[in-house]
Amino acid sequence: TTMQQRTVVADKDNVHEFLRNKGDSIGLVIGSRTANTYAILACVPTPAQPGTDEKDNLQNSDTIDEEWVGEHARQVSRMMIGGISILGVYISSPADISEKSLGKMANLITSVSQNITSGNIPLLPAEGKQLILVHASRNKVLYRYMDIKGGFCKPHPSSDLKSEANLHQAFDVSSCSFQVDLAVPLPQAAKDDPDKVRTVLNKAISLLKTNLSQCECYTNGEPSPNAIMNDVPKGRQQHIVDIYSSSQTCGVVPEAAHSPAAMVSLGPGGVHARCALRRREAKARDVEACIKDDIIDSLSRRVDMLYEDLSRTNDLATSFTSTKTHTTRVLVPPRRVFIPWLGGLYVCDYVF
Amino acid sequence: MSCVAMRSCGVMPTDAWREERDRLAGIIPVGLDIVGFYLFGTDPSLSLSTFVSYQHVRSALTQPLHTYDHSADAHITPQKSSLCGIIIYGDEPPASLPFSLFTYSPSPPDVASDLQLVSPDICNATQLLHSNYNLVHFPFNTILDIISSPDRISTDLQQCMDNLSSKLLNPSNIFKCSSSISTHLPDLSISRLDVLVKLTNNSSQPSPAPSLSYSDVDAKATHITMPLRGHVCGYVLPSLSPSQVGAIIAPALLNQMGHMARGAMLAPKTQPTIYHFQPPGYGHIISTCYMIEPGSIAEDYLGKQRAELHDLLLFPHDRPLLRTTNAILFTGPAPKSQASSSSSSSNHLLDVHLPLPTSSKVDGRQALVQGSYEYYHYMQDDIDDRGWGCAYRSLQTICSWLRLQHYTNRPEPSHLEIQQLLVRIGDKPPSFVGSSQWIGAFELSLCLDTLYSITCRILNLSSGAELASRGRELAAHFASEGSPVMIGGGVLAYTLLGVDWNESTGAVRFLILDPHYIGPDQGKGIRDKGWCAWKGPDIFRKDSFYNLCMPLRPKMI
């Protein structure tokens, strides 16, 4: 079965013009995927590997390092806000190597797809992923669907890539600051074992995700989930989303830990979440789903990056061991900062 | 409006008074408060002035029942300017309590000079409550999730409850009131409070990013998680906004959560469940927290809890009032097409006698059936029992009364089931089943005993004329037992629902519910045509014997 074929459109300046002027280049395409459309907002070139020259990468397809591009994808993944994601890969090469080595392209796409995750939560449905391969050469900008299933990538025939001017201006950003305060007991088996602590934390974040899915959202003070998102109210830059839990439902009751040995807490603190959706296409319900996903993603990523940082400084083992004096050890995950991008949109980064 | 017995009177230490008040605060809804007290005892030195001279007593009585203030507070600020007080000497509490008012001041009052009579308005308190106030109910669902060690558990629990409660009633939450009804309380204006708890903080001063902390836990600590499904009630002025209602409910919420959590800690396999009751004739709602064992029948093991409550609330111990089946249920607003006349899910009319005039025709007093019953008569339920089924129908009416008083859940037996039962216990031969043979008061008493373990008093009268002189006995029956009576004679059977009796002249009239009626179940027609009506003693034939089956209330709660 073929996967759904959505309409694909790309920003005139940041994709078409960019590719025309770029020469040999390989990188990622970023944009928004909705039920009917791929809207490609920009191309992000993969930086050259240290000690190499960018041009060297594209003399022939053998020099393309799909693992390196995959790593690039992993890092860029973390910079995405809700609603925006890596849609695929672009390659700009006068030699038109993409046509000649589809197999290599398939490997490239597969490598990138494996790296587009958020924390431990895959961003795309498990049954099949679809990415876009944009290839430009000799003033033509084309694209293909690349369907990935069971580890194999199936390329589709090429089509012309439509362009639209100022595509990013069709998007509005919504934001919220979600108060998180999780306190999770650790059973005896998890004590002093950072990996087991990580498993327990993941479970708690997963429970938060389930409970969050039952919460109501008010957008700019109004509850209507089926309303189409209109323009951002005057005096604001973003739609403001508030999340409420009902007094009638308590969510999922966590399992009691058998003789808890320690406790790990995440919070109290605020998780800033943002998402960008196409104005007048998206409903408030879609904003709600995107923002909730972004909250969970961001929380998960912070824990990921904390673990990576502790690993790098060899502090991981000591950070989750018992203290003789029964004090509390406080670790500080990175906080999120938002960086303006493409005039009105954002990417983010995490800063220790 | 109601009287509550404190566990022991006299001089209790301050902590005990506070415990009593906390307990009371859990039972009495928000909006109501202690307005007075009564003292009852046999000690001649018991005096009003001595009693109120104890500081902690005055403090316990004058502070509002629903308050956040748990701090030990010896300083008394008279919150109420007056209390009702009455002191009674004797061996037995009297049936009714006259109240007198005295003005209260920080120094012990001079009782003699301050007595005044209470205005009649206070006696109509229930009516005032129902017409001037809304009943608000707030069902909530939250999770108790706590890690604590045995030595810290009560502090940690209190802390947890405080947090949960303030999270639920934070002013930045959204409060909504929607209309609600209860079939138990048809005349009351009821609304349900819902709260949307805000989980985001989008103010200009955002909170700092969350940190991850890791801490050891006491070796003796345990982790407890359980859902707390509670339900707070209160009487509030209709003019209040939903968030003001939330603020008023707050102390009751905290109190109830505390009760539930502490109850759950003491009995871990049970689930604390809140029930609300308003027994017939009682002035207001009372709330209780029963510890329910999931999967078992609550009524069986809650007997002790019910008995304690019956004592506390001065309820008689001869009728079920606080079983889970007595509980009030609240639902969403009724669709407009719902008929206003109350009838149960069956097609039998409920309490068909009620609209009849209550004034005595013999210058005496009416003594009526207490509680609800359903009207059973000929031809109902697709059974043609014309000419022989009247006593069966009367029995079914009595069984419906037992069910509606919550003595049983069993549905009323059919004619066939009644006959099969009498054969099974050996009273009738097997040919009785399927026949159109009559039954009498004796057979009724056998059935009631077998089915429900109910004892009946049988009255054998050799002539119908004797009934005219049995006014006192029948009035006493309705006053103490209040159950419908079957009158069966050589000719007919009737159901007796009450008597109108003049003590001095002996004149008596009978409220008869006639099971011989054939026709549609419409109350007005039935009453107008005399099928449920007051009749004089002349309806009983002098030349026939009559046997009365008078069921006695089982002494159970």
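The values are calculated or read from the model by the stated rules, or taken from the named source; none is laboratory data. No experiment lies behind these values; they were computed from the predicted model shown. Note that each Cβ is placed from the backbone with ideal geometry, even for glycine, and that neighbours are counted across all protein chains shown. Each accessible area value is taken on the protein alone, full model and side chains, heavy atoms only, with ligands, DNA and RNA left out. Shrake-Rupley method; radii C 1.70, N 1.55, O 1.52, S 1.80 Å.
Take the Cα atoms of the stretch B:193-334, find their three principal axes, and give me the spread along each one in whole Å, biggest first.
For the stretch B:193-334, the Cα extents along the three principal axes come out at 62, 50, 28 Å.
Only Cα pairs under 8 Å and at least 6 apart count here; give the relative contact order of the stretch B:178-306 as a rounded whole percent.
RCO, the stretch B:178-306: 15 percent.
With θ taken as phi - 60° and the coefficients 6.51, -1.76 and 1.60, list the Karplus ³J(HN,Hα) couplings across the stretch A:44-51 in order, rounded to whole Hz; mark glycine and proline as x.
Taking θ as phi minus 60°, the curve returns 10, x, 6, x, 5, 5, x, x Hz for the stretch A:44-51.
For A:LYS22, list the lysines whose Cα falls under 18 Å from its own Cα; do not include residues on the same chain fewer than 8 positions away.
A:LYS12, A:LYS55, A:LYS140
Can you spot the aspartates and glutamates whose alpha carbon is less than 13 Å from B:LYS269's alpha carbon? Ignore those fewer than 8 places along the same chain.
Within reach: B:GLU293.
Could you check how many percent of all C-alpha pairs in the stretch A:188-233 are farther apart than 16 Å?
The share of Cα pairs beyond 16 Å in the stretch A:188-233 comes to 60 percent.
Give me, ordered by chain and number, the residues 5 or more places off A:LEU87 or on other chains with an amide H under 5 Å from its own placed amide H.
The answer is A:VAL29, A:ILE30, A:GLY31.
Report the FRET efficiency, 1/(1 + (r/R0)^6), for B:GLU293 and B:HIS516, where r is their Cβ-Cβ distance and R0 is 51 Å, rounded to 0.05.
0.60
Summarise the partner chain shielding of A:250-262 as one whole number: the mean count of Cβ atoms from other chains within 10 Å of each residue's Cβ.
Other-chain Cβ atoms within 10 Å of each residue's Cβ, averaged: 5.
Consider a paramagnetic label point 7 Å from the Cα of A:LYS196 along Cα→Cβ; state which residues of the stretch B:195-228 have an amide N under 18 Å from it.
Output list for this probe position: B:214-223.
Find the relative contact order for the stretch B:337-450 and round it to a whole percent, using C-alpha pairs within less than 8 Å whose residues are 6+ positions apart.
Taking the mean separation of contacting Cα pairs over the length of the stretch B:337-450, I get 19 percent.
With just the Cα atoms defining each centre, how far is the stretch B:369-411 from the stretch B:445-460? Give it in Å.
15
Considering every residue in B:137-146, what mean count of other chain Cβ atoms within 10 Å of its Cβ is obtained?
4
Quick one: 3J(HN,Hα) in Hz for the stretch A:129-135, Karplus 6.51/-1.76/1.60 with θ = phi - 60°, rounded, Gly and Pro as x.
Per residue, the Karplus-derived 3J(HN,Hα) values read 10, 10, 10, 10, 10, 9, 10 Hz.
Sort largest first and round to whole Å: the equivalent ellipsoid semi-axes of the stretch A:193-267, each the square root of five times a Cα gyration tensor eigenvalue.
Rounded to whole Å, the semi-axes are 36, 15, 10.
Starting from the eigenvalues of the Cα gyration tensor, five times each then square-rooted, give me the equivalent ellipsoid semi-axes of the stretch B:349-440, largest first, whole Å.
Its equivalent ellipsoid spans semi-axes of 30, 15, 13 Å.
Summing Lys, Arg as +1 and Asp, Glu as -1, what charge do residues with Cβ under 14 Å from the Cβ of A:ASP11 carry, A:ASP11 excluded?
Cβ neighbours under 14 Å give a net charge of +1.
Which whole-number value in Å² is the accessible area per residue of the stretch B:126-200, probe 1.4 Å?
Value returned for the stretch B:126-200: 46 Å² of accessible area per residue.
Sorted by packing (mean other beta-carbon atoms within 10 Å per residue), highest first, where do A:188-194, A:234-240 land?
The densest-packed peptide leads the list: A:188-194, A:234-240.
From the phi of every residue in the stretch B:390-396, what ³J(HN,Hα) in whole Hz does the Karplus formula 6.51 cos²θ - 1.76 cosθ + 1.60 yield, where θ is phi - 60° and glycine or proline is x?
4, 6, 4, 5, 5, 4, 5
For all pairs of alpha-carbon atoms in the stretch B:420-478, what percent lies in each bin of width 10 Å, listed from the first bin to the last filled one?
Here the calculated profile for the stretch B:420-478 is 18, 40, 27, 15, 0.
B:ILE328's amide H: which non-local residues (gap 5+, or another chain) put their own amide H closer than 5 Å, with H modeled 1.01 Å from N in plane and none for Pro or chain starts?
B:HIS276, B:PHE277, B:GLN278
Based on Cβ point charges of +1 for Lys and Arg and -1 for Asp and Glu, what charge dipole magnitude is obtained for the stretch B:118-263 about its Cα centre, in debye rounded to the nearest 20?
220
Please pull out the direction-averaged projected area of the stretch B:160-250, using the convex hull of its alpha-carbon atoms, in nm² to one decimal place.
Hull-based average projected area comes out at 9.7 nm².
What does the charge count near A:PRO268 come to, summing +1 for each Lys or Arg and -1 for each Asp or Glu among other residues with Cβ under 13 Å from its Cβ?
0
With label points built 7 Å along Cα→Cβ from the Cα atoms of A:PHE352 and A:GLN188, find their separation and express it in nm.
It is 3.5 nm.
Give me the Kirkwood hydrodynamic radius of the stretch A:136-237, using the inverse of the mean 1/r over all pairs of distinct Cα atoms, in Å to one decimal.
Radius from the Kirkwood sum: 19.9 Å.
Averaging over all projection directions, find the projected area of the Cα convex hull of the stretch B:390-543 and quote it in nm² with one decimal place.
For the stretch B:390-543, the mean projected area of the Cα convex hull comes to 10.0 nm².
To the nearest whole number, what is the average tally of beta carbon atoms from other chains within 10 Å of the beta carbons of peptide B:185-197?
Across the residues of B:185-197, the mean count of other-chain Cβ atoms within 10 Å is 2.
Can you divide the C-alpha Rg of chain A by 2.2 N^0.38 Å and report the result to two decimal places?
Ratio of Rg to 2.2 N^0.38 Å for chain A: 1.08.
What nm value, rounded to one decimal, do you get for the distance between A:ASN21 and B:ASP381 when each label is placed 7 Å out toward the C-beta?
9.2
What FRET efficiency comes out for the pair B:GLN244/A:GLN179, r = Cβ-Cβ distance, R0 = 25 Å, nearest 0.05?
So the FRET efficiency works out to roughly 0.50.
Near the amide H of B:TYR407, under 5 Å away, which other amide H atoms are found, from residues 5 or more places off or on another chain, if H is placed in the peptide plane?
none
I'd like the FRET efficiency for B:SER131 and B:VAL491, computed as 1/(1 + (r/R0)^6) with the beta carbon distance as r and R0 of 56 Å, rounded to 0.05.
So the FRET efficiency works out to roughly 0.70.
Just how many % of Cα pairs in the stretch A:236-352 lie over 24 Å apart, if you round to the nearest whole percent?
When all Cα pairs of the stretch A:236-352 are counted, 47 percent exceed 24 Å.
Straight-line reach from A:LYS162: which aspartates and glutamates have a Cα under 15 Å away, not including same-chain ones fewer than 8 places off?
The qualifying aspartates and glutamates are A:ASP11, A:ASP13, A:GLU17.
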